[in-house]
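To start, the structure under review is shown below, and the notes come after it.
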Amino acid sequence: MVTTAADLKRVLEEAEAALAARPLSARRRQALRLALDELLSNILRHAHADGGAHPVAVRLDLDEPMQLEIEDDGKPFDPARDAPPPVLSGPVEERPVGGLGLHLLRSLGVTLAHRRENGRNIVRVGFPPD
């Protein structure tokens, strides 16, 4: 379960440990790290207006096809549909913050599928084969 930034760090470390035993490409490892960090950080920052702790479930299946599933009780949000596209033109210091993480995930061939079920967001992340 992820409810705080410390939990996010722990989940990332646990994922690293699980990946260490697998013969995955650097690209695939990076995609998984980025997906975990991006999606969980966004949930912690934006999913709840009350500032309270809300559990987030993370399930990682390293068998083929490799998939990640993240479930939270936050506001309805489909990252594949609802996230605005990033601003990629103009000076970096003048661009709005946000949007690059999902853009980077897509550029790595990652797929995102969202469903809302029993008041919960469930995001399934699919990773391209090595």
Quiz item: In deg cm²/dmol and to the nearest 500, what is the mean residue ellipticity at 222 nm of the chain if only DSSP H runs of at least 4 residues count, each as -39500 (n - 2.57), divided by the residue total?
Solution: -12000 deg cm²/dmol
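Express the accessible area of the chain per residue in Å², computed with a 1.4 Å probe while the remaining protein chains stay in the model. All intermediate terms of the calculation are to be shown ahead of the outcome.
Numbers: 7610 Å² over 130 residues.
Counting only protein heavy atoms, the per-residue value for the chain is 59 Å².
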Practice problem: Have a look at Ala113, Ala47, Ala17 and tell me which one the Gaussian network model of the chain (Cα, springs below 10 Å) gives the largest fluctuation. | Solution: Ala17
Exercise. Can you pull the one-decimal nm distance between simple spin-label points at Leu12 and Asp37, each 7 Å off the Cα toward Cβ?
Key: 0.5
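Please say if the stretch 84-130 is rounded, prolate or oblate, where rounded means a/c under 1.5 for a ≥ b ≥ c the square roots of the C-alpha gyration tensor eigenvalues, and otherwise the choice is prolate for a/b larger than b/c and oblate otherwise? Mind showing how you got there, number by number?
Numbers: a/c = 4.61, a/b = 1.58, b/c = 2.91.
The shape class here is oblate.
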Self-check item: Fully extended contour minus Cα-Cα distance, from His48 to Leu108, at 0.36 nm per residue
Solution: 18.7 nm
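Looking at the stretch 40-109 from every direction and averaging, what is the projected area of its Cα convex hull in nm²? Intermediate values should be presented prior to the final figure.
On the way: hull surface 25.0 nm².
About 6.2 nm², averaged over all directions.
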Self-check item: About the Cα centre, charge dipole magnitude for the stretch 1-75 (Lys/Arg +1, Asp/Glu -1 at Cβ), debye
Solution: 340
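Please give the charge dipole size of the stretch 18-61, origin at the Cα centre, charges +1 on K and R Cβ atoms and -1 on D and E Cβ atoms. Round to the nearest 20 debye.
Working: 7 positive and 4 negative charges, 69 e Å.
My answer is approximately 340 debye.
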Exercise. Set the Förster radius R0 to 41 Å, insert the Cβ-Cβ distance between Asp61 and Val97 as r into 1/(1 + (r/R0)^6), and round the FRET efficiency to 0.05.
Key: 0.80
Self-check item: From the C-alpha gyration tensor of the chain, square roots of 5λ in Å
Solution: 22, 20, 15
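Give the average over all directions of the projected area of the C-alpha convex hull of the stretch 1-74, one decimal, in nm². Please list the in-between numbers first.
Values: hull surface 18.8 nm².
Result: 4.7 nm².
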Self-check item: FRET efficiency, Ala21 to Arg124 (Cβ-Cβ, R0 25 Å, nearest 0.05)
Solution: 0.60
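The values are calculated or read from the model by the stated rules, or taken from the named source; none is laboratory data. All values derive from a computational prediction rather than experimental measurement. Using ideal geometry, Cβ is built from the backbone for each residue, glycine included, and neighbour counts are taken over all protein chains shown. Heads up: the accessible areas ignore ligands, DNA and RNA and are worked out on the full protein's heavy atoms, side chains in. Shrake-Rupley method; radii C 1.70, N 1.55, O 1.52, S 1.80 Å.
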